[in-house]
Amino acid sequence: MYSKILVAVDESDTSLHALKHAIELARKLSATLRMVHVLDMSWLPIGPEVAIDTAALSAARRGVGEGIIAAARDTARQAGFEAEAVLIETETPIQHVAEAIAREAARWGADLVVLGTHGRRGFQHLMLGSVAEQMVRRSSGPVLLIPSPKGPPST
């Protein structure tokens, strides 16, 4: 059914839960699994007039992202599964993380995208948004949302 599964990872428990589901699904379907983490560089100030070392901030952000990808790789290996892992960046100052995931899924030819959802509602959803919701809207293929192992947050 699915031969190429892409799973988006971050540092959250929800992401780890989704990763474990993606690993088991890939194993059962004998599918290739690609783990991605998106570096959201849109928050970096741009322009020489800003007295911030954006190169150092970018490097630090990449270091964190590489650590997240390494942890995902370790999780897959501990489960006895070899998976691809890539670090991608938002391409423009206004690109949404979900758009970067959808673009990578299309570029790689993913049959399925897996990601965790925190189940935020109300004010939290308004302020923090939802990568999962945006992913469902932007994806050209199926998206499997894995809820937080703790359940939805109270509102």
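Given a Förster distance of 30 Å, report the FRET efficiency between Ile94 and Arg27 from their Cβ-Cβ distance, rounded to the nearest 0.05. Present the calculation step by step, with values, prior to reporting the outcome.
Details: r = 38 Å, r/R0 = 1.25.
E between Ile94 and Arg27, to the nearest 0.05, is 0.20.
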Original post:
Once you put a point 7 Å from the Cα of Trp108 and another 7 Å from the Cα of Arg73, both along the Cβ direction, what distance in nm separates them?
Top reply: 1.4 nm
Original post:
For Asp40 and His17, what is the calculated FRET efficiency with R₀ set at 30 Å and r taken between the beta-carbons, to the nearest 0.05?
Top reply: 0.90
Original post:
Once the piece of chain linking Glu84 and Val64 is laid out straight, how much longer is it, given 0.36 nm per residue of separation minus the C-alpha distance between them?
Top reply: 5.4 nm
Original post:
What does the accessible area of Thr92 come to, in Å² to the nearest 10, when a probe of 1.4 Å is used?
Top reply: 60 Å²
Original post:
Sequence-distant or interchain residues sharing an amide H contact under 5 Å with Thr117, placed H: which?
Top reply: Ile146, Ser148
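The values are calculated or read from the model by the stated rules, or taken from the named source; none is laboratory data. Bear in mind the structure is a predicted one, so any value in this text is a computation, not a measurement. When we count neighbours, we look across all protein chains shown, and the Cβ atoms used for this are built from the backbone with ideal geometry, even at glycine. These accessible areas exclude ligands, DNA and RNA; they are computed on the full protein's heavy atoms, side chains included. Shrake-Rupley method; radii C 1.70, N 1.55, O 1.52, S 1.80 Å.
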